[in-house]
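Inspection log for the structure reproduced underneath, given as structure tokens.
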Amino acid sequence: MRYSIVFLWCVCFISCNTIKKDEVKKVDEALVMYEFSEMALLMEEMYKTNENLKKKIINKEDIGEFSDKFLNIHSAVLTDPKDRNSSFEIFSKAFIENQQAVFTASENEVKEQFNIMVNACVACHKTTCLGPIPRIKKLLIK
């Protein structure tokens with residue numbers, strides 16, 4: 001009988017300690033928050049804008065005008081500042097030129113120009129930050 005009581009007491013003690021460790025771990029994990037860099041936020045905004053632009057092009061609606069916010073690509077703080085190199089500068093300049101060209105393209109060329117702009121994004125992301133490529137490719141108009 002004594003052994004049974006001692007055994008039950010040990011089981012309760014061990015299980016209570018295990019629960020506390022799990023609870024502490026979950027609390028610590030909840031406190032870790034990812035903070036987007038200026039560039040990541042800008043790229044999220046560019047994606048949403050181009051997603052809406054794609055819908056307008058498909059529905060043959062007026063696409064409006066080029067957003068000057070995109071020009072912040074040249075100054076926004078990157079997640080890793082070392083990524084702002086000559087390659088990045090070339091790709092970002094090409095992106096801006098291709099994005100602006102969408103808004104000046106004729107009705108017959110706007111779809112093609114939009115896809116050129118999307119492919120410029122993919123080309124840049126092939127050099128660094130590969131993760132968003134599948135998402136970016138979803139912008140292509142077929």
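Ordering 73, 125, 43 by the projection of their Cα atoms onto the charge dipole of segment 38-137, which places +1 on the Cβ of Lys and Arg and -1 on the Cβ of Asp and Glu, puts 125 at the extreme positive end.
Return the FRET efficiency for the residue pair residue 65, residue 38: r is the Cβ-Cβ distance, R0 is 30 Å, and the value is rounded to the nearest 0.05.
Details: r = 23 Å, r/R0 = 0.77.
Approximately 0.80, to the nearest 0.05.
Summing Lys and Arg as +1 and Asp and Glu as -1 over all other residues whose Cβ lies under 14 Å from the Cβ of residue 100 gives a net charge of -2. Remark on segment 39-124: Rg and Dmax equal 13.1, 41 Å (Cα only).
Rule-based calculations on the coordinates, nothing more; no lab input. The structure presented is a predicted model; accordingly, all values stated were derived computationally and were not measured. When we count neighbours, we look across all protein chains shown, and the Cβ atoms used for this are built from the backbone with ideal geometry, even at glycine.
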